Amino acid sequence: MKRDVRILLLGEPKVGKTSLIMSLVGEEFPEEVPLRAEEITIPADVTPEKVPTHIVDYSESEQTDEVLKEEIVKANVVCVVYDVTKEETIDMIKNKWIPLVNGDAEKGHKVPIILVGNKSDLRSGSSMETILPIMNQFSEIETCVECSAKNLKNISELFYYAQKAVLHPTAPLYDPEDKQLKAPCVRALTRIFCVSDQDNDRILSDAELNIFQKSCFGNPLAPQALEDVKTVVWKNTSDGVQDNGLTLNGFLFLNTLFIQRGRHETTWTILRRFGYDDSLELLDDYLYPQLRVPAGCTTELNRLGHQFLHRLFDKYDEDKDSALSPTELRNLFCVFPYMPWGAEVYATVPTTEEGYISRHGYLCQWTLSAYLDIHRCLEYLGYLGYPILTEQESQITAVTVTQEKEVDKEKGQSQRSVFLCKVIGPRGTGKTAFLQAFVGRNIVTNGSSQSAFSLYTVNTVQVSNQEKYLILYEVDVETEFLKASDASCDVACLMYDTSDPQSFDYCASIYKQHYMESRVPCVLVASKADLPEAKQLHGTTPTEFCYKHRLPPPLPFSALAHDSNRNDIIYTKLAWAAMFPHLDGSDANGTPLWLKVALGAAVVTVLGFAVYRALARHK
Ligand code: GTP
Ligand code: MG
């Protein structure tokens, strides 16, 4: 919405422009007026719409045509004043003034105009008959008003209409020639309807209308008002009311009616509540609320975020099979200007046997989105109407910014619930098979059923009785690993092919180059464990290498394993290493954490006893 409003008064000499301004300011008719009034500014708190308003006079005998042009450019709204007793001043509206103001302007960028018939005290009838054809000819004319500077009739109304024309403009909403809502307005109102239709039955019930009304206007509708609204729609449309609720057509009709009756502010209030600006685009402030994510911190959806997403899933899972079919998924995203999830999502998360996105897979994809690009994720939540439906200030309350990673490392444990694992190995090692096995798909025996490919897969694993999300990312070693940041992640999974003698050497060099000096935990995985093992052409065997570098011994993986539990252990180990980065995994295999801690305590006790004895001997 505009921060201030600039109103310019134009018209033939002596129609009473200066007198109108002086009457408004002085609240009485000035017998003597200067040719041109000084520009005046009305402070926000005394204007009806609470915005500072500048009123600018024009006088042909005082101002040049250049100055007039400049004033027109600066104006937000122009009042063309005529004298109701002088036909010739009316003729000049269409012959001179409107062409001067909007002659060069493109459709949709015209300055709104208000026609002002002054000196109504001198005439008994109205000038409407002459004015109406002009109003029909020029769609930029917002309204007309007859007034009198002399007996102060309609003076404040005139300035109120002018203010309203700027703050709640008709042009973006409505096409007066076609007498219908413009396409962008229909699009915006359709999104608002879909968001507000909480049970997805394409009808706004009384309860839904009340929630809608409350979030837009602060209070619910009185029961009678609700019935009146429905009756008006029912009488004027064939399909606006169904099952005692408003259909989309009914909702659009209602807004058309508001506008046709000069109540644009009602439709604007609705649009603004749902995040739209004057050009009916969603505001950046709405879509991208400020969120600071310091270096070393990550972003996750929190309880509120999950609650909202579950609710949304329930709304669009129409057949209640706990999965979203492609149609259901498209419906879920119908409030977006584009489809946010491409085909790659089917390769990224667990799917059902029919290949649909399960509820679990859906949450995995959201988790990935929140982790990789939180601003995008907030934008998505904005389209879905999160702040309105959850009555929250903004989408920010749906996410948690985690503690800095270094702090986690000091403490030896992480409160985070999402971890990123980079899977690194030479081409053809079986990284994709490893990623896909994580989401329950076997691409070795079944082939890749998806046409799309994803560098990510996401699933949950149980670590110490807690559910954690693990993101696997397949590193294309030939294009990545050029800069140090390519190596950063919560855990690195170095993968080599047991059947390929060249394979391990590559892993060893990546380890030495990028991870040996870093604090990123590493886990080695020996892929294709079902094939005969080749002797690796490297100075030491993989097992010796791990021992030397205090890494856990390589974990065998086979995409062909009949027992998927064996593979699951690997994913759990990766999450475990990410969660407890300070514990080098070498002796962690199979040793539960509590035992390690208990053993640690025992060592201290024994040492303490030895120190005590040594001290005692010296006494
Ligand atoms: P320029 O500055 O020359 O362009 O004229 P203007 O449009 O500013 O007109 P101005 O306010 O100077 O008024 C012209 C004459 O009309 C003055 O004599 C006013 O007193 C008179 N007048 C203005 N408004 C009214 C009105 O509402 N009723 C009557 N009866 N006379 C008015
Ligand atoms: Mg004047």
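The values are calculated or read from the model by the stated rules, or taken from the named source; none is laboratory data. Source: prediction; values computed, not measured. A quick note on method: Cβ atoms are made from the backbone with ideal geometry, for glycine too, and the neighbour counts reach across all protein chains shown. For the accessible areas, the whole protein counts, side chains as well, though only heavy atoms, and no ligand, DNA or RNA atoms are used. Shrake-Rupley method; radii C 1.70, N 1.55, O 1.52, S 1.80 Å.
Quick notes on this one:
- Cα centroids of the range 99-152 and the range 385-401: 45 Å apart.
- A 1.4 Å probe run over the chain, with the rest of the protein chains in place, finds 49 Å² accessible per residue.
- Under a 5 Å amide H cut-off, with hydrogens placed 1.01 Å from N, ILE42 pairs with THR53, HIS54, ILE55 among residues at least 5 apart or on other chains.
- Only aspartates and glutamates eight or more places from LYS405 in sequence, or on another chain, were considered; those with a Cα closer than 16 Å are GLU300, ASP490.
- Rounded to the nearest 10 Å², the accessible area of PHE29 at probe 1.4 Å: 60 Å²
- Nearest 10 degrees, 0 to 90: helix 374-383 Cα axis against the chain principal axis: 50 degrees
- With the highest mean first, a sort of the peptides 76-85, 413-422, 134-143, 559-568 on other beta-carbon atoms found within 10 angstrom per residue produces 76-85, 413-422, 134-143, 559-568.
- Set of lysines with alpha-carbon distance to LYS14 below 29 Å, sequence-local pairs under 8 removed: LYS69, LYS74, LYS86, LYS94, LYS96, LYS110, LYS119, LYS150, LYS153, LYS164
- Peptides 171-177, 401-407, 552-558 ordered by average Cβ neighbours within 10 Å, highest first: 552-558, 171-177, 401-407
- Between the range 276-338 and the range 8-60, the Cα center-to-center distance that results, in Å: 49 Å
- Among VAL186, VAL423, the sequence by solvent-accessible area, most first, with a 1.4 Å probe is VAL186, VAL423.
- Against the compact-protein benchmark of 2.2 N^0.38 Å, the Cα-based radius of gyration of the chain scales to 1.40.
- Per-selection Kirkwood Rh - the range 146-200 (Cα, Å, 1 d.p.): 14.1 Å
- Largest-first ordering by accessible area, 1.4 Å probe, given options ARG123, ARG519: ARG519, ARG123
- Here the range 108-216 has 52 percent of its accessible surface on carbon and sulfur atoms, given a 1.4 Å probe and all protein chains in place.
- Anisotropy class of the range 287-436 from Cα gyration tensor, a/c 1.5 cut: oblate
- Here's how it looks for VAL525: its modeled amide H is under 5 Å from those of LEU494, MET495, TYR496, LEU555, which are all 5 or more places away or on a different chain.
- Peptides 157-167, 110-120 ordered by average Cβ neighbours within 10 Å, highest first: 110-120, 157-167
- Tilt relative to the chain, helix 248-260 - C-alpha long axis, 0 to 90 degrees, to 10: 40 degrees
- Whole-Hz ³J(HN,Hα) from phi, Karplus 6.51 cos²θ - 1.76 cosθ + 1.60, for the range 49-61, glycine and proline x: 9, 6, 10, x, 10, 9, 10, 10, 9, 9, 9, 4, 7
- Accessible surface of the range 445-577 [probe 1.4 Å, protein heavy atoms]: carbon and sulfur percent: 52 percent
- Residue-by-residue Karplus 3J(HN,Hα) for the range 484-495, coefficients 6.51, -1.76, 1.60, Hz, glycine and proline x: 4, 5, 4, 7, 5, 4, 8, 7, 9, 10, 8, 10
- Solvent accessible area, Å² - LYS179, 1.4 Å probe, full protein context: 130 Å²
- Structural descriptor for the range 288-376: relative contact order 30 percent, calculated from alpha carbon pairs under 8 angstrom and at least 6 residues apart.
- In straight-distance terms, cross-link reach from LYS548 covers every one of the lysines whose alpha-carbon lies under 18 Å from its own, apart from those fewer than eight places away in the same chain; here that gives LYS512.
- The range 225-356 - percent of accessible surface contributed by carbon and sulfur, probe 1.4 Å: 49 percent
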